[in-house]
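Enquirer: Take this structure, written in structure tokens, and hold onto it; I'll ask about it next.
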Amino acid sequence: MFFIRQLFTFGYKQALCCIFPVAIFITLAVSKQVSIPYLYRYDFILICCLIMQFLMVYTKLESIDELKVISLFHVIGLGLELFKVHVGSWSYPEEAYTKIWDVPLYSGFMYASVASFICQSWHRMDLKFYNYPKSYITFSLAAVIYLNFFLHHYFVDIRWGIIASLFIIFRKTKVAYRVNEAVYQMNIILAFLLIGFFIWIAENVSTFFGAWQYPNQSNEWNLVHPGKITSWFLLVIISIIIVANLKLIKYGKKEVITEETA
């Protein structure tokens, strides 16, 4: 009975953490079936994302500080989108008024929704890290991961070297989370991988509803290549590193991490 209660509570909290991503999926699904006169689909999606973001803050589901973090991810994601579309990694084939260099502005909310999930999980699950690496190490790692998303188009892709280094850097790091009165632990690499896997599933749903399009989906929808899981795995690491270090700056080390194993 205890296990069922814990599982139900965990699932319920995770569902609440996914409010923003789910709202985007619903918008994608509805906009694929319903067209609005004089309003392009991508513009409609952007309007819905802005309304949802406003409601998240207005109802205090997200704080102003969390909004700042999410906005930062919007900018980071949009920068990546502009480059990836330019080099042909994927495309947004539909028309829109709110497109910059063939990239609709709503695309940044895809990344912002990941940040929203992390921020929501942080306070709903009372996250805390154990044996977390020094900030200068994690920030450097995040920078290398982000740069590799760009540079691998021109030089050697070092993602597997980065992934190997993760097992060294985070070998002792665990994330603790609370479900009711109980506190559980998970290896942080496993947590990164699980989140990346579920984002990959969400990516398949998004491309099915036409959020964007990979080259092999131009004629008909196909499953997104499983290799994209590693990309999301690395992007999740960037996300958590940024959120964790910003919280360290604001709240101090004691509220976020500890050097001792729980």
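Enquirer: Can you name the condition, by its number, that Q53 falls short on among (1) at pLDDT 85 or above; (2) surrounded by 12 or more Cβ atoms within 10 Å (Cβ to Cβ); (3) under 21 Å from A244 (Cα atoms)?
Expert: (3)
Enquirer: Which residues, counting only those in region 1-16, are assigned to a helix (DSSP H, G or I) and without any contact (Cβ under 8 Å) to a residue 40 or more places away in the chain? Lay out the reasoning, then the answer.
Expert: Residues of region 1-16 that are assigned to a helix (DSSP H, G or I), as a first pass: 2-16.
Result: F2, F3, I4, L7, F8, G11, Y12, A15.
Enquirer: For region 55-80, enumerate the residues that are outside any helix (DSSP H, G or I) and among the basic types (K, R).
Expert: Our first condition is that a residue be outside any helix (DSSP H, G or I); within region 55-80, this holds for 59-63.
Listed by number, the list holds a single entry, K60.
Enquirer: Still on this model: In region 219-237, what count of residues is obtained for those that are in contact (Cβ under 8 Å) with a residue 24 or more places away in the chain and either surrounded by fewer than 20 Cβ atoms within 10 Å (Cβ to Cβ) or assigned to a helix (DSSP H, G or I) (or both)? Give the derivation first.
Expert: Taking region 219-237 first, the residues in contact (Cβ under 8 Å) with a residue 24 or more places away in the chain are 224, 226, 228-237.
Pick out the ones that are also either surrounded by fewer than 20 Cβ atoms within 10 Å (Cβ to Cβ) or assigned to a helix (DSSP H, G or I) (or both) and you get 226, 228-237.
Here the count works out to 11.
Enquirer: Checking the structure you have, find out if any residue of region 17-26 is touching an Asp or Glu at 6+ places or on another chain (Cβ under 9 Å), over 18 Å from R178 (Cα atoms) and assigned to a helix (DSSP H, G or I).
Expert: Looking for residues that are touching an Asp or Glu at 6+ places or on another chain (Cβ under 9 Å), over 18 Å from R178 (Cα atoms) and assigned to a helix (DSSP H, G or I), one finds at least one in region 17-26, hence yes.
Enquirer: Here is a further query. How many residues are closer than 19 Å to C17 by Cβ, crowded, with 18+ Cβ neighbours inside 10 Å and among the β-branched types (V, I, T) when one looks only at region 56-96?
Expert: So the answer is 2.
Enquirer: If you don't mind, there's one more thing I want to ask. In region 119-143, which residues are among the aliphatic types (A, V, I, L, M) and surrounded by 16 or more Cβ atoms within 10 Å (Cβ to Cβ)?
Expert: M125, L127, L141, A142
Enquirer: Among the residues in region 18-41, are any farther than 23 Å from Q120 by Cβ, among the aromatic types (F, W, Y) and either in contact with a strand residue (DSSP E or B) (Cβ under 7 Å, 6 or more places away or on another chain) or buried (at least 18 other Cβ atoms within 10 Å of the Cβ) (or both)?
Expert: Yes: region 18-41 contains one or more residues that are farther than 23 Å from Q120 by Cβ, among the aromatic types (F, W, Y) and either in contact with a strand residue (DSSP E or B) (Cβ under 7 Å, 6 or more places away or on another chain) or buried (at least 18 other Cβ atoms within 10 Å of the Cβ) (or both).
Enquirer: Next question, about the same structure. For region 108-206, give me every one of the helices (runs of 4 or more DSSP H) that falls completely inside it and has 1 or more residues that are touching a His at 6+ places or on another chain (Cβ under 7 Å) and free of Cβ contacts under 8 Å to residues at least 60 places away in the same chain.
Expert: 108-124
Enquirer: Something else: Out of region 4-56, which residues are more than 18 Å from H74 (Cβ to Cβ) and small (G, A, S)?
Expert: Correct list: G11, A15, A29, S31, S35.
Enquirer: Could I ask something else about it? Touching a Phe, Trp or Tyr at 6+ places or on another chain (Cβ under 6 Å), of a type outside the set (S, T, N, Q) and farther than 25 Å from L46 by Cα: which single residue out of L193, L147, L166, L141 fits that description?
Expert: Answer to the selection: L193.
Enquirer: Something else: Which members of region 26-85 meet the condition of being β-branched (V, I, T) and more than 18 Å from T207 (Cα to Cα)?
Expert: I36, I47, I51, V57, T59, I64, V69, I70, V75, I76
Enquirer: Right, another one. Going by the structure shown, is F20 under 22 Å from the mean Cα position of the chain (by Cα) and either under 23 Å from Y184 (Cα atoms) or among the hydroxyl-bearing types (S, T, Y) (or both)?
Expert: Working: under 22 Å from the mean Cα position of the chain (by Cα): yes; either under 23 Å from Y184 (Cα atoms) or among the hydroxyl-bearing types (S, T, Y) (or both): no.
Considered against the rule, which asks whether it is under 22 Å from the mean Cα position of the chain (by Cα) and either under 23 Å from Y184 (Cα atoms) or among the hydroxyl-bearing types (S, T, Y) (or both), F20 comes out as no.
Enquirer: Working only within region 32-45, note down all residues that are touching a residue at least 24 places away in the same chain (Cβ under 8 Å) and in a helix (DSSP H, G or I).
Expert: Of all residues in region 32-45, those touching a residue at least 24 places away in the same chain (Cβ under 8 Å) come to 32, 40-43, 45.
Matches in region 32-45: K32, R41, Y42, D43, I45.
Enquirer: Here's another thing I want to ask about it. In region 204-250, which residues are basic (K, R) and within 22 Å of S63 (Cα to Cα)?
Expert: K247, K250
Enquirer: Those residues that are more than 24 Å from N222 (Cβ to Cβ) and among the aromatic types (F, W, Y), I need them from region 175-209; list them, please.
Expert: Correct list: Y177, Y184, F192.
The values are calculated or read from the model by the stated rules, or taken from the named source; none is laboratory data. Predicted model only: the values in this text are computed from it and were never measured. When we count neighbours, we look across all protein chains shown, and the Cβ atoms used for this are built from the backbone with ideal geometry, even at glycine.
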